[in-house]
Structure formats: structure tokens, C-alpha cells
Protein chains: 2
Amino acid sequence: MSDIKKYVEEHKDRFIQELVDLLKIPSISADSAYKQDVLKTADAVKEKLQEAGCDHTEICETPGYPIVYGEKIIDKNLPTVLVYGHYDVQPPDPLDLWESPPFEPVIKETKLHPQGAIFARGACDDKGQMYMHVKALEYMTRNNELPCNVKFMIEGEEEVGSANLGWFIERNQDKLSNDVILISDTGMISKDVPSVTTGLRGLSYMEVEVTGPNRDLHSGLYGGAVANPINILAKMIASLQDENNHITIPGFYDRVEELTDEEREKMAEAPFDLEEYKEKLDIGDVHGEKGYSTLERASIRPTLDVNGIWGGYTGEGAKTVLPSKAYAKISMRLVPNQDWKEISELFKKHFESIAPKSVKVKVNTHHGGQGYVTPIDTLEYQAANDAYAEAFGKEPIPQRSGGSIPIVSLFEKELKSKTILMGFGLDTDAIHSPNEHFGVWNYLKGIETIPLFFKHFTKLKSEE
Amino acid sequence: MSDIKKYVEEHKDRFIQELVDLLKIPSISADSAYKQDVLKTADAVKEKLQEAGCDHTEICETPGYPIVYGEKIIDKNLPTVLVYGHYDVQPPDPLDLWESPPFEPVIKETKLHPQGAIFARGACDDKGQMYMHVKALEYMTRNNELPCNVKFMIEGEEEVGSANLGWFIERNQDKLSNDVILISDTGMISKDVPSVTTGLRGLSYMEVEVTGPNRDLHSGLYGGAVANPINILAKMIASLQDENNHITIPGFYDRVEELTDEEREKMAEAPFDLEEYKEKLDIGDVHGEKGYSTLERASIRPTLDVNGIWGGYTGEGAKTVLPSKAYAKISMRLVPNQDWKEISELFKKHFESIAPKSVKVKVNTHHGGQGYVTPIDTLEYQAANDAYAEAFGKEPIPQRSGGSIPIVSLFEKELKSKTILMGFGLDTDAIHSPNEHFGVWNYLKGIETIPLFFKHFTKLKSEE
């Protein structure tokens, strides 16, 4: 057994307990009611970085939630790994679908996780995956195995669009200078099929408000004669996708990268069982853009989803109201080359243009981020490949993901370094959903794999 | 000044105060949290009927909220007027749009109501209009002016579809026997244009649930590949009306009564200012079925309105969720001859049929009621006509209303008598909306007009 495997085995109960303690703090960045908890989590992360061996840690203020910074510089001539993660979490609702309270972590065995999984909001996304890096640092510093410099940048606004991360990076380019950025905020194919995420979708997240009459009306006296903003909103949303589920916003596909047949064929080789996919989600059929497979729809194609809708009477029973207003939160996943700001503008312009005269429409951009694709013929990717090969006994599969980490393309632009996305979560971890969890095996395997990346990266850099 | 005018003038402060006291009880039948308040309101109405001169009053239990019954029988050979009203009210939300709390009545002057209007949920619909009858009875009994028998049937479930009123009527036909049913739960054209409502629309109120995947998903990982129930619900709702705003449910129009050109021409003579209508509602345009005027759309044509919609994340900020479920409350206003049970079935069948395989759909019927048209060449209408002529100095205009009092057609069927709809509210009273109010002038004018109906009806019956 390698040293790291031994160390993880010896300390695993404490590693789990420390994560559980972190998960108990409801650091919901989207809801200002939890502000004190978000700040408390930042403090906890700073303390843990210091304990794990950072020489210097600090809470860096921003116009929003602070960024936790930490570093251990052992030799300025050695390369530097910058670890990025986030300590904020998604809102937990709908609460009634959680089998245990989202901020009271419990460890339960599941079919996929016979060693147990930690159930809590943020267990995987991203407290669990972020904390793997803290514990990997602990191993490296306590056992004199840290081969290079390391910096940590752990933010508290990832789940609300990283609004102030760009601001922070611009102002701290020297402090953040690095040779590679390492992030664990994605997943892998399965426990025995390790993978490295090489592509992410961008995101444009909008909110729309449709106003009909200036007050709620009686649907009997006005219904049929005055535009109902819910009916109009439904028509407008429906018109955003045609009968082939193509998005109808003019210009939307102009910059979409079309993969070659060869690339699509290679993608199709990834293990995927459509029947199992439908069964797990209990759906009668999949649903998406004509001409593309399910894996393609969920990774290389842009999408448009309504993430929330509300208007009128939504309580118990019935109310015959013709409401004044209706609202929706609508987000688009974007593929490389689509610019989220341009897409947000195209959406706004189109949505306003299709509103009938009988209503007024407001369109606001919540946030967004660019898509990202990393090449696999780089030293950075090679280092990740070697780390997985050593930890798992097999090479990882490069994989395009449908998710977004909006800040990744900004990293590359501002910090001039490549990003490696080493995710240890599984598709079934229910991130952003009730009953989010993270396998104990996955958590410990991440802690075991990360030092190997540091080792191989430093080695490859020295051979350059 | 007539006796009734004098009596109203002398007692108006007390009449207003008694109504204010009744309005303070939040008798929201749609929300079970207010059960005790609904029951308390029934008790208060019973007490007031007794005080006003009923010989006998009782709280009649039903499978739902009780019906308050009261009667004063002066001579079995004289005709009997049955007064129907309701003591329950609509839910007050959205609360933040109320200028004063909905259950803390205040009297404020408005442009239309220089004598003041009472602002509270239920001020007009229907506590205020129902209570006019209680005070009219008080006048008639205290001044020996009651010319015939009177019965009261005041229910507590009108705002949730009068689910148990049919049950009650079937079991109490003798008790409720009458010569005419008198209801004040509608409006009049304006303070100087009195009108009697001669038609009401029926109602079919449905609730739909669309289920996509069996749990909330991350919209990045699944978006584009798995049906989003909100997007699907929007498409389904949008498809219920075509580009001419005709309802697309097969069979929906089969029994719709088509008015003759002559009838439509007569309708078009009613005073109506489209520009003023748009201005009051602050809308850029009206919106409705092609080929019909605004007044027609709001009265003689059936409609389909979404009264409420919800699904996904509706809180502050953004959440990139592909939700498991989306819901809507959808109601259809029906015209005479359309059968609400048949229409509810047609809706259910159609809505289920248009659901794609990628989702599951549940359709439930909340409640409904038949439309109603009363002829104007009857003794009952003549009595109302004469009462208005005496009180207002001019004859009322017969008017078709878009609203529904689902129980009216049942009354005719079960109790074999005609219904007269004497409404004293105005379109601007904001019933079912925030800041519902009822003009003090309208309230007192109603109290003054009602005894005149009793007088003329008894007189005309004696001449039969």
C-alpha cells in the first residue's frame, strides 16, 4: 500500500467528520437570509487551510462574499498549482423531498455506495470536492510530500454566478500567478471508469417578468378580453423552441461549434445505456434537439430550460384570478465559441420583440459564463492522466460535460494557465437536487489522487 | 324623502360599523388555516339575522362549511323571497399589493366614491352585498314594511365552488321553497346607470401537474436531454389557444350559444369606452378571441385562463435546476348550454392526449358550475325593474356578465324559481384583487333598493 493510501486509511474517520462539520453550515449564497452562515463558512475554510499546512491564509473581501485565499510556497523556482473551489451551496428546496434535513449530514449506504455516502446539501458540490484538496495538502505537508508550491482560491459565490471572482482576479494577478489551475467541481463516468472533464458549457441565466393589467383582476369579469400574463408567458416560452426543439432566438446558433463526424463517433463510444438512463429518471422517453443523441444533447449542444416559473394563485384550493404579473427564470447552456453576453442580449431582444402589445415585458440577466474546452495533448492533461492511471490502475477518459463552471474561461484569459477538471462525483449524486450526497469512497479516492497530480505535474514540468 | 331613505340616513353609521366588524373576520374558505374564522363568521351572520328580525335562524351543517339559514314567515299565503349570499371570501394574496391590511377595514375617499369606500377583502364580494339584505330586512321588520315572507340561505363555500350547496338544497327543498331567489353578488354598470345581470358564465376549474424526471436535476448535466416539465407545460398551455385565441380543445364550442346579429347589435349599444378601459388597466391593447368585441369576449364567449402557475426555483437569485414537476390552475368560463362537467372531461381528455411521452400528466377538476341566462319578460324581472326605477329614477339595463355564480342554474333546476341578480358593486371594486372595496353610496343604495323589490314583487304577484 502506498503512503497516501495508508494515510487516508488511518485518518478517514476524521476526514469524514471534518467534512460533516463543514456541511452543517447552510452557506446558501442565493438567499441573503443566510449571509452570516456564508461568512462563517469562509472562516471555517480559512482555519482548515491553515491547519492543513498553508503558510499564509486570508479572507479577501470583495463587493460580495469573500474569497478564501491560502498558500504554501516552498521554492519560487518550482511550479505552482492553484486550487479553485467554492464554499457556497445551492438552495436546498424543495425541502419536503429530502429524506434527511439538508444541513444535518447523515451517512447512509446505497447500492452504488456500499461504503456509505454523505447526504447533505454541498456534500459533493462543492464542499466535499473542495475539501479533498485541503486534506490532500495535509497529507503532503505532514509527510514532506509536497513537491511544488500550492495556492488556494475558494470562493463563496459560485452558485450565484461568481459575480465578483473576475473583479478579484483582475486585482490579484501576481498573488494568483500559477502554472496550472486544478478544480474538482465536476464528475467522473463511474467508480471504475475514471474521467477528466475536458469541456464545459457556458451559461446565460435570465429572469423575465410579464405584466398584463395593472392589478389582479376577476377572471370572470375580464377573462377573455384582457391578456392573461401567464397564458402570454406560456406562449412566449413555448415559441422559444420549435417542433424539433431547436431554439428559435435569431442568431442563437451562429457561433455554435459543430463537431466533426469523427468527433461525434468517438463520443458515441462512451458507455451509455439509454434504457437504464430512462429507468433511473422514471421517464417514458428522452426529449431534446432532433438529430442529436442524448449524450450530445447534454454536452455539445446548447439548451434552453425554464428553471422556475410563477404567477397568479398558487395556494391551496382555487382562486379565479387573472393576475397582473407572471415570472420565469430561464437559463441557456452554451457551447464553446458562444459568448454568454451576446446570447443574453439576443435573448433579451428576441423576448421583447415577441411580446404582444397587450403586455409589458422586462428581461434581466442574472449572470452567465463562457463555455470551455481544454485540449488533451498538453503537459497539464498528461499529468492528470498519469495521476489517475496510478490511483485507479487505468487511464481516464476525456469527457465533455453539460455543466458550467462559468469562471474557467476567465481563468485562462486572465491567469494564462490551463485548467484541469478532476471531478470525483457521480451523475447520481443529486447535486442541485434533494438528497445530494457524495460517496465516502469517492471522497477518499479524490484525496488519494490529488497528491499524485502534484507529483506528476512537477515531474513533467522539470523535464520540460 | 321616503321612509327607507330616512331610515338609512339615520342609521348609516351603524350599518357601516356592523359591516366593518364582519369584514374583520378572515373567512377564507380556500385555506384550511382559516377554518375557525370561517365558522366564526357563520355564527356572526346568524346572530345578525336574528337581530334584524328573523323568527328562526340556524347553522345548518354540511359536509363542508355550514350554511346559515334564517326566515321570517308572516303569512303562508303570501309569496316568499329567498335571499342567497355567501359569507366566505377570496384569499387576499398578493398581500404586498394591499395599501391597507385586507382584514383591517378602512374607509377612504376615492374619485369614484367621494362619500368613501370600505376597503377590505369581502367588502363587496360578498359580505357587503349580502349584508345589505340583512339591513333591508331590519328596516322592513322595524317599520312594519315587510310585505311577504323572506328566507335567507348564506353559504360559506362560494369562493371554492359551492361544493356542498347542491347537497343542502336537495335535502331541504321544503325549507327553501320560494317564489323568487334574490342575489346581490354581481355589479352594475355605474352609479348612474343601474343594471340587472341577466346572464352569467359557467365555470370549469382544473388543476394540472406535469412530471418530468423523478427528481429535480442539474440543468447543466441533464438540460437539453430530459424533458423539462415547465417547458412542456408552457407548450401544452400555449397550444390550448390558437393564433385567433380560439380554444383548441376538441368539442369545446359544440354547445356554445351563438347570439343573433340583432342581439349582438343590442349589446353593442351598452356604454363602453375602449380607450378608458385600456387606460384604467394600463394595457397597451386588449387581447381576446378574434371576431368578437371586448364586451362580447367578457360575457357571451367562453374563455380559458391560467389562474396560477408554479414550478422549479422561484426564490431570490438563481438556481440551475431542471425541476421534476410543474403545476397550473386553469379555469374556463362557459356560456349557457355548455355543460361544465362535460367541458371538464373534454379538457382532461385533451390535456392528457397532448402530453409527450417524456412526461406524465395528472388533471384534476377543482369545481365548476353551469352558466345561466334569465329572460327579461318575466314578473320577477319586472319587479326588479320597478324597484330600480323607484330608487334610481331610471330603469335598469339588462346586462350579461362574464362572472359565474355556479349555483344559479342549480337553483332554477332544484327550486323551480327564477333568480334575480341585483348587484350594486362596480367593475372597479377590485373584487378577487388587492384593495377590494365597496362604495358607501353603493352599500346604502342597495339597502334602499331591496325593500322596493319586496314591495313590487308582492304587488305584482297579488295582481297575477
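Taken as a whole, the range B:126-137 holds no residue that is hydrophobic (A, V, I, L, M, F, W, C), open to solvent by 10 Å² or more (accessible area, probe 1.4 Å) and in contact (Cβ under 8 Å) with a residue 24 or more places away in the chain. Applying a threshold of 6 Å to beta carbon distances and a minimum spacing of six or more residues, or different chains, the list of pairs starting in the range B:403-414 at a residue that is within 16 Å of B:Val160 (Cβ to Cβ) and ending at one that is part of a helix (DSSP H, G or I) reads B:Gly403/A:Gly220; B:Gly403/A:Leu221; B:Ser404/A:Gly220; B:Ile407/B:Leu165; B:Leu410/B:Gly166.
Hey, does the range B:105-125 have a residue that's within 14 Å of chain A (Cβ to nearest Cβ), modelled with pLDDT under 95 and outside any loop (DSSP other than H, G, I, E, B)? Within the range B:105-125, none of the residues are within 14 Å of chain A (Cβ to nearest Cβ), modelled with pLDDT under 95 and outside any loop (DSSP other than H, G, I, E, B).
Rundown of residues vs (1) open to solvent by 40 Å² or more (accessible area, probe 1.4 Å); (2) at pLDDT below 95, yes/no style:
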position	(1), (2)
A:Gln338	no, yes
A:Phe351	no, no
A:His366	yes, yes
A:Gly369	no, yes
A:Thr374	no, yes
A:Ala383	no, no
A:Tyr388	no, no
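Any idea which residue in the range B:255-272 is modelled with the highest pLDDT, counting only those that are assigned to a loop (DSSP other than H, G, I, E, B) and out of contact with any helix residue (DSSP H, G or I) (no Cβ under 9 Å at 6 or more places or on another chain)? This residue is B:Val256.
Does A:Ser239 satisfy the condition of being among the polar types (S, T, N, Q) and open to solvent by less than 10 Å² (accessible area, probe 1.4 Å)? No, not satisfied. Residues that are within 14 Å of another protein chain (Cβ to nearest Cβ), closer than 21 Å to A:His437 by Cα and touching a residue at least 40 places away in the same chain (Cβ under 8 Å): does the range A:159-172 have at least one? So far as the range A:159-172 goes, yes, one or more of its residues are within 14 Å of another protein chain (Cβ to nearest Cβ), closer than 21 Å to A:His437 by Cα and touching a residue at least 40 places away in the same chain (Cβ under 8 Å). When we screen A:Ile283, A:Ile230, A:Ile309 for residues that are among the aliphatic types (A, V, I, L, M) and either assigned to a loop (DSSP other than H, G, I, E, B) or surrounded by fewer than 17 Cβ atoms within 10 Å (Cβ to Cβ) (or both), the only hit is A:Ile283. Of all residues in the range A:189-209 being open to solvent by less than 10 Å² (accessible area, probe 1.4 Å) and part of a loop (DSSP other than H, G, I, E, B), which is farthest from A:Asp377 (Cα to Cα)? This residue is A:Arg201. Between A:Gly166, A:Gly116, the distinction of being of a type in the set (Gly, Ala, Ser) and within 27 Å of A:Ile4 (Cβ to Cβ) belongs to A:Gly116 only.
A quick yes/no check of all residues on (1) without any contact (Cβ under 8 Å) to a residue 12 or more places away in the chain; (2) closer than 30 Å to B:Gln173 by Cβ; (3) not assigned by TED's automatic domain parsing to the domain that holds B:Phe438:
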residue	(1), (2), (3)
B:Asp21	no, no, no
B:Ile28	no, no, no
B:Ala52	no, yes, no
B:Asp55	no, yes, no
B:Cys60	no, yes, no
B:Ile67	no, yes, no
B:Pro105	no, no, no
B:Lys111	yes, no, no
B:Gln115	no, no, no
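Applying the criterion of being open to solvent by 10 Å² or more (accessible area, probe 1.4 Å), within 16 Å of B:Ala227 (Cβ to Cβ) and touching a residue at least 24 places away in the same chain (Cβ under 8 Å) to the residues of the range B:353-364, the residue that is farthest from the other protein chains (Cβ to nearest Cβ) is B:Lys362.
Would the range A:282-294 turn up any residue that is over 29 Å from A:Gly371 (Cα atoms) and not polar (S, T, N, Q)? Scanning the range A:282-294 turns up at least one residue that is over 29 Å from A:Gly371 (Cα atoms) and not polar (S, T, N, Q). The numbered conditions (1) polar (S, T, N, Q); (2) out of contact with any Pro (no Cβ under 9 Å at 6 or more places or on another chain); (3) more than 7 Å from chain B (Cβ to nearest Cβ) are all true for A:Ser324 except (2).
Out of everything in the range B:432-464 that is hydrophobic (A, V, I, L, M, F, W, C) and within 20 Å of B:Lys151 (Cβ to Cβ), what residue ends up being surrounded by the most Cβ atoms within 10 Å (Cβ to Cβ)?
This residue is B:Ile450.
Tallying residues that are among the hydroxyl-bearing types (Ser, Thr, Tyr) and without any contact (Cβ under 8 Å) to a residue 12 or more places away in the chain within the range A:296-311 yields 0. Meeting the requirement of 1 or more residues that are open to solvent by 30 Å² or more (accessible area, probe 1.4 Å) and within 14 Å of chain A (Cβ to nearest Cβ), no strands (runs of 3 or more DSSP E) wholly within the range B:1-102 can be named. B:Tyr253 fulfils the conditions (1) within 13 Å of chain A (Cβ to nearest Cβ); (2) in contact (Cβ under 8 Å) with a residue 40 or more places away in the chain; (3) open to solvent by 30 Å² or more (accessible area, probe 1.4 Å) except for a single criterion, (1).
Just wondering, is there one or more residues in the range B:412-432 that are among the aromatic types (Phe, Trp, Tyr), within 24 Å of B:Phe103 (Cβ to Cβ) and touching a Leu at 6+ places or on another chain (Cβ under 9 Å)?
no
Looking at the range B:366-382, is at least one residue in a loop (DSSP other than H, G, I, E, B), acidic (Asp, Glu) and more than 10 Å from chain A (Cβ to nearest Cβ)? Within the range B:366-382 (the criterion being in a loop (DSSP other than H, G, I, E, B), acidic (Asp, Glu) and more than 10 Å from chain A (Cβ to nearest Cβ)), the answer is yes, since at least one residue qualifies. Test B:Phe119 against the stated conditions and say whether it is in contact (Cβ under 8 Å) with a residue 12 or more places away in the chain and either closer than 23 Å to B:Leu421 by Cβ or touching a Leu at 6+ places or on another chain (Cβ under 6 Å) (or both). Judged against the criteria, B:Phe119 is not a match. Close contacts from the range A:267-293, counting a first residue that is of a type in the set (Phe, Trp, Tyr) and a second that is buried (at least 17 other Cβ atoms within 10 Å of the Cβ) and part of a loop (DSSP other than H, G, I, E, B), with Cβ to Cβ under 7 Å and a gap of 6+ residues or different chains, come to A:Tyr292/A:Arg301. Taken over the range A:203-232, residues that are over 30 Å from B:Arg400 (Cα atoms) and at the interface with chain B (Cβ under 10 Å from one of its Cβ atoms) amount to 4.
The values are calculated or read from the model by the stated rules, or taken from the named source; none is laboratory data. In this text the structure is predicted, and so the values were computed from the model without any measurement. A quick note on method: Cβ atoms are made from the backbone with ideal geometry, for glycine too, and the neighbour counts reach across all protein chains shown. Areas reflect the complete protein model, heavy atoms only, side chains present, ligands, DNA and RNA absent. Shrake-Rupley method; radii C 1.70, N 1.55, O 1.52, S 1.80 Å.
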